[in-house]
Amino acid sequence: MTEPLLRLEELVVEFADPHRRVRAVDGVSLEIGAGDILGLVGESGSGKTTLAKTVLRLYRPHSGRILLQGRDITHLGEAALRPLRRHAQMVFQDPLSSFNPRHTIGRALAIPMRLHGVARPVPDVLADVGLPAGFADRYPHQLSGGQLQRAAIGRALSLSPALIVADEAVSKLDVSVRAQILNLLRRVHAERGVSLLFITHDLHVARFLCHRIGVMRAGRLLEIGPTAQVFASPAHEYTRTLLGTIVT
Amino acid sequence: MTAAGMSAALELRNLRVTLGTVQLVRGVDLDLAPGETLGVIGESGSGKTLTCLSLLRLLPRGMAAQADVLRLKGTDLGGLDEAAFRKLRGRGIAMIFQDPVGAFNPAKRIGWHMRAVLARAASDGAWQRRAAAALSDVGIAEPERVLRRYPHQLSGGMLQRALIAMVATLAPDVIIADEPTTNLDNIIEQQILALFRSLQQRLSSALVFITHDMRVAALVSDRLAVMYAGQIVETGPAEAVLHRPLHPYTQGLIATADALASGAAQLAEIPGQPPSVLDPPAGCAFRPRCASARAGCEAPQALRSPGEARQVRCLLYD
Ligand SMILES: Nc1ncnc2c1ncn2[C@@H]1O[C@H](COP(=O)(O)OP(=O)(O)OP(=O)(O)O)[C@@H](O)[C@H]1O
Ligand SMILES: Nc1ncnc2c1ncn2[C@@H]1O[C@H](COP(=O)(O)OP(=O)(O)O)[C@@H](O)[C@H]1O
Ligand code: SF4
Ligand SMILES: [Mg+2]
Ligand SMILES: [Mg+2]
């Protein structure tokens with residue numbers, strides 16, 4: 001058995017709210033293999049974003065383990081994490097807030113590449129995600145939401161990561177633009193074999209993109225399995241309710 | 001469109017909203033029969049919210065609205081002064097917002113809001129009992145406890161239910177719901193949609209239901225109107241529009257939604273992005289993205305009537 005790309009073991013993440021402790025992720029174990037696309041669905045507040053950010057060690061877990069490419073990163077400090085960051089990149093819901101408004105797109109793409117010693121021309125990175133080279137000179141507010149999300153995907157891809165974590169990456173986009181970005185993610189996956197942890201509220205989107213689906217509720221992973229299986233024979237009552245909301 | 005005239009719940013002709021020299025809404029017509037639900041579909045920035053706000057005279061400062069006709073149950077709203085219009089707001093026409101928080105006074109409990117609404121509805125009996133019953137009607141458990149809560153103590157879904165309860169209590173002739181489920185997750189969204197369907201049974205109000213989601217619109221609407229760049233580009237009976245869309249833009253939206261629902265390997269895409277209001281393309285606003293564009297499309301397009309109760313703003317139907 002080879003080590004999976006990502007392995008979570010009994011992961012627990014807590015927040016100290018002024019009144020009580022919130023256990024946002026409550027004992028989640030899962031694996032993502034190389035080239036896998038895992039979808040994470042669940043109602044608002046179920047812990048999806050918290051889980052995603054903990055995988056990238058933007059949060060420190062309370063207990064449990066995170067293994068990225070076999071290496072335990074659960075307790076690594078920022079300095080030790082930095083060289084690993086290029087292997088796991090994140091794409092956020094709101095593309096505008098994930099770019100520095102004072103940097104051109106070209107600069108926003110160049111900085112992380114320089115930091116990680118990647119020498120790839122910015123126009124090539126733009127071309128990978130279907131943007132014209134001229135966009136390098138534009139500022140974030142001069143791009144539409146869909147164009148900016150392409151740039152964000154390009155920025156993540158430029159570091160040749162093994163894993164991209166995408167949190168509601170298409171839900172804020174115009175409906176007529178959403179299909180472009182979903183097709184782009186599929187193409188990128190097919191060409192690069194990059195793994196995806198894809199968080200979404202939309203079950204149709206999850207079914208389109210994901211090989212496996214995990215269903216979260218109240219911090220727990222209720223079930224996880226191949227997409228077709230979860231859709232055809234959900235193991236959990238809650239999943240049935242969730243799938244019952246699909247309108248076809 | 002359907003029966004206008006005296007019997008119409010709402011009649012709007014040629015609504016234009018401007019901000020300085022910028023045209024944000026460019027000639028929108030709406031017709032609603034009593035009890036009918038019109039679904040308005042359009043993506044972000046297409047002018048849906050501004051159209052609603054114009055009907056309620058709630059446009060942001062600096063914007064101006066003009067319409068050739070605006071009648072609510074035969075009453076010319078254009079002729080009403082502010083005091084007379086205020087009386088109509090709530091009982092004649094009421095709005096449910098995407099973000100319900102703004103509809104509540106954060107310093108007052110839910111009970112205070114319900115009481116104010118009940119006073120307007122000229123109800124009798126103990127207000128607490130009636131308020132609790134109204135909350136219970138929209139599926140709120142333990143309504144007596146909820147009456148003592150402040151708005152920030154309720155989840156988004158609960159607050160949206162409370163707002164719907166307030167509007168339902170007033171039973172207005174026309175209810176405008178502007179993306180009432182967009183901020184909610186899948187499960188809560190379905191519950192709120194089910195609630196709208198039960199309201200349609202219970203009240204005789206006409207409903208304008210605004211959404212950017214085809215699937216949501218299909219669930220609640222009798223008729224659909226599709227907006228693009230400040231104009232309606234297609235209207236018709238909901239079934240007909242969903243199964244036989246006429247406008248290339250509507251066809252694109254439905255092709256994408258169908259491909260997603262059927263689990264296709266590749267999604268039909270509409271190329272490009274929606275136009276900027278600051279610099280809308282001359283002529284048909286969809287032309288830069290349209291695979292059927294041809295000579296003539298660079299001229300402004302009027303609505304054509306190619307079939308029973310259907311309209312489309314496209315020269316393919318000449
Ligand atoms: N920084 C924080 N401080 C305190 N509590 C938090 C914080 N971030 C999240 N939480 C809480 O943790 C739980 C999980 O939140 P999370 O954002 O992970 O949910 P989610 O599944 O991503 O929801 P959504 O679908 O709304 O994005 C919630 O109860 C939330 O209120
Ligand atoms: N307060 C405002 N100030 C300036 N422009 C606005 C304002 N509100 C909306 N607009 C512009 O008017 C157009 C229509 O907006 P809106 O009716 O809110 O669209 P929708 O509700 O369909 O998303 C958009 O281009 C938007 O940017
Ligand atoms: S008028 Fe022309 S450009 Fe516009 S939708 Fe019709 S065919 Fe396309
Ligand atoms: Mg989240
Ligand atoms: Mg709006």
Residue pairs meeting the criteria (Cβ under 7 Å; at least 6 apart or on separate chains; first closer than 22 Å to residue A:203 by Cα, in region B:243-265; second within 16 Å of ligand 1 (Cβ to nearest atom)): B:260/A:205
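The rows are residues; the columns are (1) part of a helix (DSSP H, G or I); (2) more than 14 Å from chain B (Cβ to nearest Cβ); (3) crowded, with 17+ Cβ neighbours inside 10 Å.
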position: A:201; (1), (2), (3): no, no, yes
position: A:207; (1), (2), (3): yes, no, yes
position: A:213; (1), (2), (3): no, no, yes
position: A:216; (1), (2), (3): no, no, yes
position: A:224; (1), (2), (3): no, yes, yes
position: A:230; (1), (2), (3): yes, no, yes
Index of the failed condition, residue B:293 passing every other in (1) in contact with a Pro (Cβ under 9 Å, 6 or more places away or on another chain); (2) part of a helix (DSSP H, G or I); (3) away from chain A (no Cβ under 14 Å): (2)
Criterion (closer than 20 Å to residue A:170 by Cα, among the hydrophobic types (A, V, I, L, M, F, W, C) and open to solvent by 40 Å² or more (accessible area, probe 1.4 Å)) met by exactly one of B:265, B:291, B:259: B:265
Residue list for region B:224-256, restricted to those being at the interface with chain A (Cβ under 8 Å from one of its Cβ atoms) and of a type in the set (Gly, Ala, Ser): B:252
Pick from region B:276-288, criterion at pLDDT below 90 and open to solvent by 40 Å² or more (accessible area, probe 1.4 Å), ranking: farthest from the other protein chains (Cβ to nearest Cβ): B:282
Odd one out for residue B:44 among (1) of a type in the set (Gly, Ala, Ser); (2) farther than 20 Å from residue B:159 by Cα; (3) open to solvent by less than 60 Å² (accessible area, probe 1.4 Å): (3)
Residue, farthest from residue B:178 (Cα to Cα), within region B:9-29, restricted to residues that are touching a residue at least 60 places away in the same chain (Cβ under 8 Å) and open to solvent by 10 Å² or more (accessible area, probe 1.4 Å): B:22
Filter result (among the small types (Gly, Ala, Ser) and either free of Cβ contacts under 8 Å to residues at least 40 places away in the same chain or within 16 Å of ligand 5 (Cβ to nearest atom) (or both)) within region A:176-233: A:176, A:179, A:190, A:225, A:228, A:232, A:233
Residues satisfying the stated conditions in region B:69-96, i.e. open to solvent by 60 Å² or more (accessible area, probe 1.4 Å) and touching a residue at least 40 places away in the same chain (Cβ under 8 Å): B:71, B:73, B:91
Criterion (among the hydrophobic types (A, V, I, L, M, F, W, C) and either without any contact (Cβ under 8 Å) to a residue 40 or more places away in the chain or closer than 16 Å to residue A:220 by Cβ (or both)) met by exactly one of A:56, A:68, A:11: A:11
Matching option when the condition is among the small types (Gly, Ala, Ser) and at positive phi, among B:157, B:92, B:139, B:102: B:139
Test: residue in region B:85-92 that is outside any helix (DSSP H, G or I) and away from ligand 4 (no atom under 16 Å from the Cβ): yes
Residue check, residue B:50 over 30 Å from residue B:153 (Cα atoms), away from every other protein chain (no Cβ under 14 Å), surrounded by 14 or more Cβ atoms within 10 Å (Cβ to Cβ) and away from ligand 1 (no atom under 16 Å from the Cβ): no
Single condition residue A:103 does not satisfy, out of (1) assigned to a helix (DSSP H, G or I); (2) open to solvent by 30 Å² or more (accessible area, probe 1.4 Å); (3) not polar (S, T, N, Q): (1)
Filter result (under 19 Å from residue B:59 (Cβ atoms) and modelled with pLDDT of 95 or more) within region B:3-19: B:10, B:12, B:13, B:14, B:15, B:16, B:17, B:18
Verdict on residue A:51 being within 15 Å of the chain's Cα centre (by Cα), within 17 Å of residue A:66 (Cβ to Cβ) and not in a strand (DSSP E or B): yes
Residues located in region B:167-191, provided they are of a type outside the set (D, E, K, R), in a helix (DSSP H, G or I) and in contact (Cβ under 8 Å) with a residue 12 or more places away in the chain: B:167, B:168, B:169, B:170, B:188, B:191
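The values are calculated or read from the model by the stated rules, or taken from the named source; none is laboratory data. Because the structure is predicted, anything quoted here is derived from the model rather than measured. Positions of Cβ are backbone-derived with ideal geometry, glycine not excepted, and every protein chain shown enters the neighbour counts. What goes into the accessible areas is simple: the full protein's heavy atoms, side chains included, and nothing from ligands, DNA or RNA. Shrake-Rupley method; radii C 1.70, N 1.55, O 1.52, S 1.80 Å.
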